[in-house]
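See below for the structure under consideration.
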Amino acid sequence: MIHAVGTTGSARYYAGGDIAGAMSLSCKISSRFSSDFHYFQCVICLVTAGPTYEPLDGARRLTNFSTGQLGTELANYLTAHGHEVTLLIGQQASYCGERRAQHVETFTTTSDLSGRLEANSGKSIGAVFHAAAVSDFSFGKVWSRGADGGLNEIKSGKVSTRHGTLLAELVPTKKIIASLRGWFPEARLTGWKYEVDGIRSDVVRAGEKQIAECRLDACVANGPAYGDGFGLLKKGGLCTHIDNKAALFESLERSLY
């Protein structure tokens, strides 16, 4: 029997020896066994989930349909399998299930989520699962149309309906996923590609492009365009179809080793 204790990055390895002492670590430990070697590893994970929002004025906002359920359940699964997990969850997430991650923070706007991710970059993060639905647009200027057809900019804490029909400018937000590799240079990065239009092959190509452009390790493809289940894409063009969430979570957790 081999007896050894060592650390590599955010993971801890144990072979034989004091198992009870190993389990007393603040980071719970999962196990992998062979006939003569005991392998325990805890990975520090960060999971984002749910929607961001962008304010129109002091009373109204633009958001999306993300519930935060998939990311929350993934965080719960990783926690249950012995990993130390931080869950960043959108304030507007409608999923009310239990959040079992050791650390939970809520975010609001795209800028707020970006700041919270960057604030975690100094930690020994081993894996990032970016499942949050980030707003593609924020509001710019808002105008009403005058009797002469000209546009008049409106600046108000709460835009009144008395202005009639309005024109609102949509400004593209900064792509958070493009910054992840800079913040977490050593982490395993997994993105999400949710598409409504097109067919499965279109979503797979979009996921492959996301991996290449954002220097990710993997991407989960889903949404109406993909169809039932999920596609787990990895660098090199490999795409594996996965039927359900349980199998997806298992595959993502196995990818940590």
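Each value in this text was obtained by applying a stated rule to the coordinates, not by laboratory testing. No experiment lies behind these values; they were computed from the predicted model shown. Reconstructed Cβ throughout: ideal geometry from the backbone, glycine too, with neighbour counts over all protein chains shown.
Figures for the structure shown
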{"quantity": "Computed over the stretch 79-227: relative contact order in percent, which uses C-alpha pairs under 8 Å that are six or more apart", "calculated": "19"}
{"quantity": "Distance-filtered residues of the stretch 68-111 - backbone nitrogen under 16 Å, label point 7 angstrom along residue 171 Cα→Cβ", "calculated": "109-111"}
{"quantity": "Cut-off 15 Å between beta-carbons: net charge of the residues surrounding residue 159, Lys and Arg +1, Asp and Glu -1", "calculated": "+3"}
{"quantity": "For residue 143, net neighbour charge (Lys/Arg +1, Asp/Glu -1) across residues whose Cβ lies under 14 Å away", "calculated": "-1"}
{"quantity": "Cα-based shape type of the stretch 127-177, given that a ≥ b ≥ c are square roots of the gyration tensor eigenvalues and the cut on a/c is 1.5", "calculated": "prolate"}
{"quantity": "Residue order, fewest to most surrounding Cβ atoms within 10 angstrom, among 256, 117", "calculated": "256, 117"}
{"quantity": "Extension gain (nm, one decimal) between residue 205 and residue 160, 0.36 nm per residue minus Cα-Cα", "calculated": "11.8 nm"}
{"quantity": "Sequence ranges 238-244, 228-234, 217-223, ranked by mean other-Cβ count within 10 angstrom, highest first", "calculated": "217-223, 228-234, 238-244"}
{"quantity": "Nearby lysines by direct alpha-carbon distance to residue 175 (threshold 18 angstrom, same-chain neighbours under 8 apart not counted)", "calculated": "193, 209"}
{"quantity": "Relative exposure of 60, 100, judged by other C-beta atoms within 10 Å (fewest first)", "calculated": "60, 100"}
